[in-house]
Every structure is written in C-alpha cells, then in structure tokens.
C-alpha cells in the first residue's frame, strides 16, 4: 500500500512538475500569472484527443500537433491579450497586475467556450500509447505512465540546460532579472517575449497531452488545473523553478496519499488547505525570495 | 464623516428618482417573467457593486466573491431548513456570517501583496465548494438545500426587496467612496507605497472595505436564497459565477459605484436575449467584456461621461 502511494505519487508529481514549470517561467520572465494556463493545457489535450480519435491520425503526429496547439495558444495569448494590455493602456504597476488577472480570466472563458462549442464540454482522455504494465518496486504500473514520468523529467532537464547553458536561454534569464538593462544591450525585448511565450506554449502543450493521458481533461476543468498549478507555484515560491519542482512533488504526494488513505473525493482538499496555511505563515512560499 | 454634500447630492437625487420610477414597473404591465429577470439582475448588481469596492477602489482583484455570497446564502439556508429562526433573522445571520468569514479570510490575505490575495480568495471558493460537497448529508451537495420559508411570495414584493437592497447598497457605497475613507482607499489602490508613506494603515483600510463588501454580498446572497427557495453550489459557490460578477463590473464601469448596476442588468438581459446562441452566449459576453476592458476602461458609464463632456 505504502509503496503503491509512493510510486503513483512519483508519477503524478512528474506531470505536475512539467505542467507548472511553464507557468513559473512565464512569471519569472514577464511577471504574468496566466490564469488561462489550465485551459491552454486542456486545449492541447483535447486537440490531441480529437486528432487521434476522430481524425484517426498517427498518434505521434497527433501529439506533435497537440503541442503546436499549445504553442499557438501561448502566442495568441501574448499577441491578443498581454501586449495590447501593455501598449493600449498606460497602467500603473499596481493596476497592471489586477488588469492582467482579469484579462487572462476573460481569455480563459473565451477559450473554454470555444472549446466546448467545437468539441462539447465533456471530459476526454487520450488512450495509452504503449500497452502493458511493468513492476516498479513490486507495484504494477502501466508502462506508459512510467514513460510519461520519464519524459516529464527529461523535458525539465532540457529546459534547465537551455536556460543556464545556451546564449538564447541566458537572454531569457537576463530579461527576468533586468529587462531595461537588456534593452540597453541592444536586445529586442519583444522578440525575447515571443520566444518565452512560444516555449511556454510548448511546455503547456506537452503537459496538456500528458495530463489528458493520465488524468483526462475537459474545457471547463481548465480553471481547476490553473488553481492546482497556481497552488504548486505559490507553495514553491513564485519564480523559483527549484521550489516549484519540490512543491509539485509535495502536492502530488499529498493528493495521492489523500486519495488512497482517506477518499478519492477529497483528493485536492488537503493540498489547498496546506497552501493557505503556508501563505499565511510564509507568504513568499517555501523557497521563494522576498 | 464630513462629506462634501454638494458633490453627492445630484447623483443621490438621481438614484432616488430612478429607484422610485423602477418601483412602479410591476404596476404598469411589466410581465412577471421580465420582472423575475430584473429581480435577479438587481441581486447581481449588489454583488457586482460590492466587488467593485475592492477592485475599483482598493485595487485588489477578489476572485472569492462567491465565497462571501455563498457564506451568506448557506448560513441562511441551513438555519432556515433546520427551523432555527425566522427568515429575517436568517438573513441577518447570513450577512453577519459573511462579514466574519470575510474578515477571517482577508486579515491574513491582505498582508500578502500582488497576486497572492487573488489566489487565496480563488482557493477559498474551491475549498468551500469541496466542503459543501463533502458534507452533502447536511448541505445537499451539488443539488442544494431547499429553504422551507419565504419572505414574500408575490413577485412584485420580491422585486421591491431586490430594488430596495440595490438602492440602499448603492447609496451606502456611494457615500462611503466619497467620504475621506473612500478617498484614502482609492489612494491606497492607486499607489500603495505612497499611501503608506503618508502614514495610512493600508491593511486596516482594505480590511474595512473587504468587510463592507462582505456584508452586502452576504446580505444579498441570503435574500436571494429566500427568493429562489434553494441554495446550491452552482448558483452561489462557483468560480464562474464570480467571473460573471467581474464581467458585470467591468462592462458597467469600474470605480463608479453605479456602473456595476448597469453592467449587472446588461448581463441579465444578455443571458436572456443571447440564449438562442446556446453555448456561444457566454463567449460573446466574455468577448464584449474584453473589448470594453481594452478600449473603454471606464465601461458603459464611462461612455456616458465622455459623451457629456466632449473634450
């Protein structure tokens, strides 16, 4: 029983970690909390489900197109919502964050309604890519779940490598630390933002496909996914990628433990309560900077 | 409080005239069906005005409006269905419970800066919803609790209750925002650091605003429970209801007190007339709100002001 919780906890945490790194990255670089995050995940998952099921495409092609859907939505969010909000309205810093939250919330509703208009508001899940189960520490686990967890960690490692070791990644890091200095160095900040949103969309797209594979997604479930992502990011400390990874595992284990030992119906409750307590005691999150 | 009485006299007279004119609507042949839509629109107007006190003036996006409304509604419904008290006592208890719950939620949350406040309030709604579903033997879960008592059966009386509530809320909030308290609150919303430097206790002002907002939200929630005869999560404790309240405030006009009334009535009418569009109706409403947010930050009321003062 305990090993079972640990194994499923590890698997779910890996997906959570992947699903929230994009969110953290975006906050770190642009200072934007994208409330449409969960709906972006849902859109990619649903697109893949449609292409794979109804359109009968090759599964890998369908997944690739699903990830592209995420990239497209990420870029659309930036071009249609974020950039107009910053250029059209001359907002003070205090006003900007509330307007950003409200605008991305409205964008969430728009995405959600378009999705449910086209595909219907029903939960969908993508079939497992690889059949069969293997024993992990004596627990029977679907092979594709293990693959999904492995893939998540590979992508996170690749992202870390990109940001810390490549020139383009360093530019993004610089944009998060001192955007004005970056402009003085002759870098086109707008181009940096487009790259960040594209990376964000790709991460969200992949995460959406994986979430749809393991948990299932629905158009109206997007907001709840955002809340989970939000909780993880805040628990770890906004903008701290390391903190996010640790928090993703914490939340993943707490949720799995709750589902096993108490009842699946209260799965998300303890994590939300812990989040509130952490915010009250340590508002900057477990590993955040003030 | 010394309020500049000259500046608030005209809007107040206008409010009284409009309210009195609206009060005779049931007697000049308005159909019961339209009346019921207007009644719900007026309750919605109270939610929206209360929400805008925080968003427009205190500069905080409260995603937990339905946490306050739900507390009021469920307190009243639970008391009434268990036969504890008469409807009016239940309503008063609902409003009080909303203020207490709001203070417990807001006092620690308001110390948090930036987006954290919004997050905590959003999470509060999700937790409350889960708790209601978890204790479904007491709360009726997603189906809701039926309320045995009614305040009034007659649709005209119910309309007058909603109208009176909206008018009282509008006057109290208008008086409040024009008072020194409201001006300081607005200053805090626009530049918290400078306001703090001037020696104002930001948390105290925001907390007071939050409690006022909670009071009217809870009161309206409790009254609406008796009007609908039931309290259920999809009406009172739902993030998407919170979104509608936000849309109403933005479309009507942020930081105007009266604007959200227009916005709420617009939303009530839109959900009726756009019904043939099916699931696209919510989409079009969200789209309208987004366009208003970008191009008309003052909302519908802002448009009226622009037309009056051509510059």
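What angle do you read, to the nearest 10 degrees and between 0 and 90, between the alpha-carbon axis of helix A:93-119 and the longest principal axis of chain A?
40 degrees
Highest first, please rank the peptides A:10-19, B:17-26 by the mean number of other Cβ atoms sitting within 10 Å of their residues. Spell out each step's value before the answer.
On the way: A:10-19: 24.1, B:17-26: 14.0.
Descending mean neighbour count gives A:10-19, B:17-26.
What shape does chain B have by the C-alpha gyration tensor, where a ≥ b ≥ c are the square roots of the eigenvalues, rounded means a/c under 1.5, and otherwise prolate means a/b greater than b/c and oblate the rest? List each step's numbers first, then the result.
On the way: a/c = 1.44, a/b = 1.14, b/c = 1.26.
In terms of gyration-tensor shape, rounded.
How high is the FRET efficiency between residue A:164 and residue B:191 when r is their beta carbon distance and R₀ equals 35 Å, given to the nearest 0.05? Could the numbers behind the result be given before it?
Details: r = 37 Å, r/R0 = 1.06.
Efficiency, rounded to the nearest 0.05: 0.40.
What are the semi-axes of the equivalent ellipsoid of the protein assembly as shown, taken as the square roots of 5 times the eigenvalues of the Cα gyration tensor, listed largest first and rounded to whole Å? Don't skip to the end; give the middle numbers.
On the way: eigenvalues 341, 163, 106 Å².
Over the Cα atoms of the protein assembly as shown, the semi-axes work out to 41, 29, 23 Å.
Defining a contact as two alpha carbons under 8 Å apart and six or more residues distant in sequence, what relative contact order in percent does chain A show? Mind showing how you got there, number by number?
On the way: 428 pairs, mean separation 107.9, N = 290.
That works out to 37 percent.
For chain B, modelled as a Gaussian network with Cα springs under 10 Å, which listed residue fluctuates most, B:198, B:15, B:131?
Looking only at B:198, B:15, B:131, the largest GNM fluctuation is found for B:198.
Springs between alpha-carbon atoms under 10 Å, Gaussian network over chain A: tell me which of A:224, A:135, A:96 tops the mean-square fluctuations.
A:135
Apply 1/(1 + (r/R0)^6) to the Cβ-Cβ distance of residue A:55 and residue A:153, taking R0 = 41 Å, and write down the FRET efficiency to the nearest 0.05. Write out the running numbers ahead of the final one.
Values: r = 30 Å, r/R0 = 0.74.
Using R0 = 41 Å, I get an efficiency of 0.85.
Show that you can apply the helix-only estimate: for chain A, add -39,500 (n - 2.57) for every DSSP H stretch of four or more residues, divide by all residues, and state [θ] at 222 nm to the nearest 500. Could the numbers behind the result be given before it?
On the way: 12 runs with 212 residues, N = 290.
After summing the helix terms and dividing by the residues of chain A, the value is -24500 deg cm²/dmol.
Quote the FRET efficiency, to the nearest 0.05, computed for residue B:111 versus residue B:287 with a Förster distance R0 of 25 Å and r equal to the Cβ-Cβ distance. Display every interim value, and only then the final one.
Values: r = 36 Å, r/R0 = 1.45.
According to the calculation, E is roughly 0.10.
By the gyration tensor of its Cα atoms, with a ≥ b ≥ c the square roots of the eigenvalues, what is the shape of segment B:162-218: rounded for a/c under 1.5, prolate for a/b over b/c, or oblate?
On the way: a/c = 3.59, a/b = 2.19, b/c = 1.64.
Because a/c hits 1.5 or more and a/b exceeds b/c, segment B:162-218 counts as prolate.
Compute log10 of I(q)/I(0) for segment A:2-220 with the Debye formula, placing one identical point scatterer on every Cα and leaving out solvent, at q = 0.13, 0.14, 0.17 Å⁻¹, to two decimals.
Reported log10 I(q)/I(0), two decimals: -0.79, -0.89, -1.20.
At 0.36 nm per residue, and after removing the present C-alpha to C-alpha distance, how many nm does the segment from residue A:95 to residue A:128 gain when stretched out fully? Walk me through the numbers on the way to the answer.
On the way: separation 33, 0.36 × 33 = 11.88 nm, distance 4.51 nm.
This chain segment gains 7.4 nm when fully extended.
Starting from the 7 Å offset along Cα-to-Cβ, what nm value, one decimal, do you get for the label separation of residue B:20 and residue A:86?
Once both label points are built, they end up 5.3 nm from each other.
For peptide A:103-114, how many partner chain Cβ atoms fall within 10 Å of a residue's Cβ, on average?
Whole-number average of other-chain Cβ neighbours for A:103-114 is 6.
Which whole number gives the average count of other chain Cβ atoms within 10 Å of the Cβ atoms across peptide B:280-287?
Values: counts 4, 1, 6, 8, 2, 4, 9, 5.
Mean shielding count: 5.
Across 5 Å bins from the origin, how do the percents of Cα pairs in segment B:113-242 run, short distances first?
In order of increasing distance, the bins hold 2, 9, 13, 16, 16, 15, 12, 9, 5, 2, 0 percent.
Given an 8 Å cut-off on Cα distances and at least 6 residues of separation, report the relative contact order of chain B as a percent.
Answer for chain B is 31 percent.
Roughly what angle does helix A:143-165 make with the longest principal axis of chain A, taking Cα atoms, 0 to 90 degrees, to the nearest 10?
20 degrees
When the Cα centres of segment B:175-221 and segment B:233-293 are compared, how far apart do they sit, in Å?
When both Cα centres are located, 25 Å separates them.
How do A:118, A:81 line up, fewest other C-beta atoms within 10 Å first?
Values: A:118 12, A:81 22.
Ascending Cβ contact count within 10 Å gives the list A:118, A:81.
Using Cα-Cα distances under 8 Å and only pairs 6 or more residues apart, what relative contact order does segment B:58-125 have, in percent?
Values: 61 pairs, mean separation 33.3, N = 68.
With pairs under 8 Å counted, the relative contact order is 49 percent.
Rounded, prolate or oblate: which fits segment B:235-303 when a ≥ b ≥ c are the square roots of the eigenvalues of the alpha-carbon gyration tensor, with rounded for a/c under 1.5 and prolate only if a/b beats b/c? Write down the numbers at each step before the final one.
On the way: a/c = 1.77, a/b = 1.41, b/c = 1.26.
Since a/c reaches 1.5 and a/b is larger than b/c, the shape of segment B:235-303 is classed as prolate.
On a full-extension model of 0.36 nm per residue, what is the gain between residue A:274 and residue A:139, subtracting their alpha-carbon distance, rounded to one decimal in nm?
Details: separation 135, 0.36 × 135 = 48.60 nm, distance 2.86 nm.
45.7 nm is the gain from fully extending residue A:274 to residue A:139.
Which order do the peptides B:264-272, B:42-50, B:278-286, A:155-163 take when ranked by the mean count of other beta-carbon atoms within 10 Å per residue, highest first? Walk me through the numbers on the way to the answer.
Numbers: B:264-272: 19.9, B:42-50: 28.4, B:278-286: 18.0, A:155-163: 15.2.
The packing order, highest mean first, is B:42-50, B:264-272, B:278-286, A:155-163.
Would you mind ranking B:75, A:3 by Cβ crowding within 10 Å, fewest neighbours first? Mind dumping the intermediate values first?
On the way: B:75 26, A:3 11.
So the ranking, lowest neighbour count to highest, is A:3, B:75.
Each reported figure results from applying straightforward, stated rules to the coordinates on display, with no laboratory input. Predicted model only: the values in this text are computed from it and were never measured. Methodologically, a virtual Cβ is constructed for each residue, glycine included, from the backbone with ideal geometry; neighbour enumeration extends over all protein chains shown.
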